1. If you average the C-alpha positions of segment 178-199 and of segment 1-36 separately, how far apart do those two centres end up, in angstrom?
2. I need the calculated FRET efficiency for the pair L144 and Q175, taking r as the beta carbon distance and R₀ as 35 Å, to the nearest 0.05.
3. What is the fewest-to-most order of T2, T38 by other Cβ atoms lying within 10 Å of their Cβ?
4. Report the gain in length on full extension from V6 to A57: 0.36 nm times residue separation, minus Cα-Cα distance, nm rounded to one decimal.
5. Using a Förster distance of 41 Å, how high is the FRET efficiency between I162 and D195, based on the Cβ-Cβ distance and rounded to 0.05?
6. Can you put S41, S170, S130 in order of Cβ neighbours within 10 angstrom, beginning with the fewest?
7. Mind checking the full-extension length gain between V100 and L20? Use 0.36 nm per residue of separation minus the Cα-Cα distance, one decimal, nm.
Amino acid sequence: MTFELVCFYFFGAVAALAALAVISVKNPVVAALNLVLTFFSMACVWLLAQAEFLAVALVLVYVGAVMVLFLFVVMMLDVDFAPVREGFVRFLPVGIVVAVVMLVEMLMMIGVRSLQVPVSADPAALAGMSNMGWLGRTLFRDFLLPFEVAALILTVGLIAAIPLTLRKRSGIKTQNPGRQVMVKREDRIRLVKMDAVKKGEATP
């Protein structure tokens, strides 16, 4: 068993355990830290597969923005965040463990790169294209169906996040689209008959 294969199993196991912790822990801060560890571990797996662009994009886009997204979701769901801020010291061990695991993974990646044999020729250079041009052509020509499926899954996730915010709260005016669609004309307009009154005449 090569060192690269050992790193692959280690990164995969860490990503699977961290992803399981994201959906199993009750505390949102611990879940966010495990989500960061999941993304970072998968970035290491992509580096092993020599997909450097995808790995860097995962770290910059997801790991870099996951905390902002997490705070946005917390505000959107109206979660009481005061107890979490008060007990920040309690989550310090979890943050240290996540940081240590990420450091170990980076050191293992350095070891893999130092032991790795020279890679084959760049397919983008062989095709006479830039790296981004070759990646875009391959993505939208050879992998169009997986790309569309991923877009559909993200759209479903976006729509599913909306009902989470539609909770009944006291003192807040809300709309009921179902009742608005089923309303009739008679429910909206009321016609009232009354005698005409000339100007200057007193009403009875």
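No lab work stands behind these numbers, since they all come straight from the coordinates. Fair warning: this is a prediction, and the values are worked out from it, not measured in the lab. Counting neighbours? That spans all protein chains shown, and the Cβs are built from the backbone with ideal geometry, glycine included.
1. Cα centroid of segment 178-199 versus Cα centroid of segment 1-36: 62 Å apart.
2. Working: r = 38 Å, r/R0 = 1.10.
It comes to 0.35.
3. Working: T2 9, T38 22.
Placing the least packed residue first, the sequence is T2, T38.
4. On the way: separation 51, 0.36 × 51 = 18.36 nm, distance 2.43 nm.
Result for the pair: 15.9 nm of gain on full extension.
5. On the way: r = 51 Å, r/R0 = 1.25.
Approximately 0.20, to the nearest 0.05.
6. On the way: S41 23, S170 4, S130 11.
Ascending number of Cβ neighbours within 10 Å: S170, S130, S41.
7. Values: separation 80, 0.36 × 80 = 28.80 nm, distance 1.90 nm.
The span from V100 to L20 would gain 26.9 nm if fully extended.
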